[in-house]
Amino acid sequence: MAILQSIKGFKDILPGETELWQAIEEEAKSIFRHFGFREIRLPLLEKTELFARSIGESTDIVEKEMYTFQDRGGDLLTMRPEATAGIVRAYLQHKLYARDAVHKFYTIGPMFRRERPQKGRYRQFSQINAEIFGQASPYADAQLILLLVRLMTVLGVSDAEPHINSLGCPQCRPAFRDALTSFLEGISDALCSDCQRRRVTNPLRVLDCKVPGCREATTGAPALKDYLCSECRDHFDTVRRALEDQGVTYTVDDRLVRGLDYYVRTTFEIQTGALGAQNAIAGGGRYDGLAGALGGPDIPATGFAIGLDRLAEIVGTLRRPALPHPTLFIAALGDQARHQAFAWLSRLNTAGIAADMEFGDKSLKSQMKRADKLGASHVLIVGEQELEQGAVTLRDMTSREQTDIPVDTVADRLMKQFLNTGG
Ligand code: AMP
């Protein structure tokens, strides 16, 4: 019978890779702590309406990528394609704004989008998200970008560069949208079929289409930066100055419009050359209108999402994480020895010492091989005969030195020797 395979675009992350993911997550969590962010954990399923209302009906995600189904009670539900909508929903539902004027959240977990799978693009992928609520200030945007830069530096991703843009606000964007729409009308024939549609439903999106013909045709398109009102221009200038003060080099990218409807003012991406076409490791921006659009009070907000799968692929080419290995392996021979060995092992594990043993009835040779494979630094050899004689043997796998230890002192001796070895 053929073995069942995972779903297309859904991948397994196996031991060997998980250590790298954990290392990245630990670095991120530590930086979040320093920057004043707290963790929030939310459901993977939300009502479909939440995403339709927040992300926008005319976005690729809502139009064609969501995993949506009716549950047995007839409710229309969606596997979250991104985290922001759910975080805003929870923020409003629990009236967190009434507890404190400012909230800084992070969350790490899977997202689901039915995109065409390719390297760096999956149907289930993970993100590290951060959101700041209650801060209209450009310094909040700058802090998010600096946090991303810090994480990339710590992880050794040296070619990561912030690309930034301003999308203006509901006051100044309509004029830009009009100018862009008339420009696009003039070059309509040169656009791909998706952009023919976007031209009418979501014209800004034509600017970030990756099809070469569309890029060429839109080279002379109007740029948002020429349409910003004075508040938006000041906001953008402050973000830029804050980055420059920290020595961060960045690119101002007129095409950075991003796919989600709720962005205003600052928008940014962290790009790298390491992944070919999927060059964005993180993206984000300001979404001041979203809380209000979802029926809550008008609360400014800004945030980002890091693509953890892509980040892990890049970091994986730069460094190998230290794989965990037991400090001690216990090789037991015979039932009685195994029983005693298991008692010692349990005591060591409980005390926080990384130790392991073979539970089955295997030869000494095969157990030594296994100890070697696991990378144990020491092996305790416990045979029936040794037990009867009242001493067992501790072998140092590097120096090959062997020491006899009296049975009644084994537990204490091992505790003392291994408790502070970091195992
Ligand atoms: P977005 O939520 O679309 O702004 O995406 C934020 C980040 O998530 C991107 O910069 C990517 O690194 C990552 N990402 C988005 N979609 C996918 C996907 N289908 N597979 C893997 N990573 C993704």
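Just to confirm a number: summing +1 for Lys and Arg and -1 for Asp and Glu over residues other than LYS362 whose beta-carbon lies under 15 angstrom from that of LYS362, what do you get? Its environment carries a net charge of -1. Net charge of the neighbourhood of ILE353, taken over other residues with C-beta under 14 Å away and scored Lys/Arg +1, Asp/Glu -1, is +1.
Using heavy atoms of the protein chains and a probe of 1.4 Å, the accessible area assigned to THR181 is about 40 Å². Amide H contacts for ALA282 (H built 1.01 Å from N in the peptide plane; partners 5 or more residues away or on another chain; cut-off under 5 Å): ILE270, GLY307.
Give the carbon-plus-sulfur fraction of the accessible surface of region 328-420 in %, rounded to a whole number; probe 1.4 Å, heavy atoms of protein chains only. Walk me through the intermediate numbers first.
Details: 2550 of 5280 Å².
C and S atoms contribute 48 percent here.
Anisotropy class assigned to region 199-290 is oblate, per the alpha carbon gyration tensor with a/c at or over the 1.5 cut-off and a/b no larger than b/c.
For the chain, report the accessible area per residue in Å² (1.4 Å probe, heavy atoms, rounded to an integer).
Values: 21020 Å² over 423 residues.
Using a 1.4 Å probe on heavy atoms only, each residue of the chain averages 50 Å².
I need the GluC sites (Glu not before Pro) found in region 44-91, filtered to DSSP loop residues with at most 14 other beta carbons within 10 Å of theirs.
Those that pass, being in a loop and sparsely packed, are GLU57.
A DSSP coil position with no more than 14 other Cβ atoms inside 10 Å describes the following trypsin sites (Lys or Arg not before Pro) in region 73-176: LYS95, LYS119.
What does the charge dipole of the chain about its Cα centre add up to, to the nearest 20 debye, if the Cβ of each Lys and Arg holds +1 and the Cβ of each Asp and Glu holds -1? Mind dumping the intermediate values first?
Details: 52 positive and 55 negative charges, 106 e Å.
The calculated dipole for the chain is roughly 500 debye.
Normalised by 2.2 N^0.38 Å, where N is the number of residues, the alpha-carbon radius of gyration of the chain equals 1.28.
If you take the Cα centroid of region 68-94 and the Cα centroid of region 148-169, the two points sit 29 Å apart. With the whole protein complex present, HIS94 retains an accessible surface near 100 Å², based on a 1.4 Å probe.
The values are calculated or read from the model by the stated rules, or taken from the named source; none is laboratory data. Keep in mind that this is a model prediction, so the values were computed, not measured. A quick note on method: Cβ atoms are made from the backbone with ideal geometry, for glycine too, and the neighbour counts reach across all protein chains shown. Heavy atoms of the whole protein, side chains included, go into the accessibility calculation; ligands, DNA and RNA do not. Shrake-Rupley method; radii C 1.70, N 1.55, O 1.52, S 1.80 Å.
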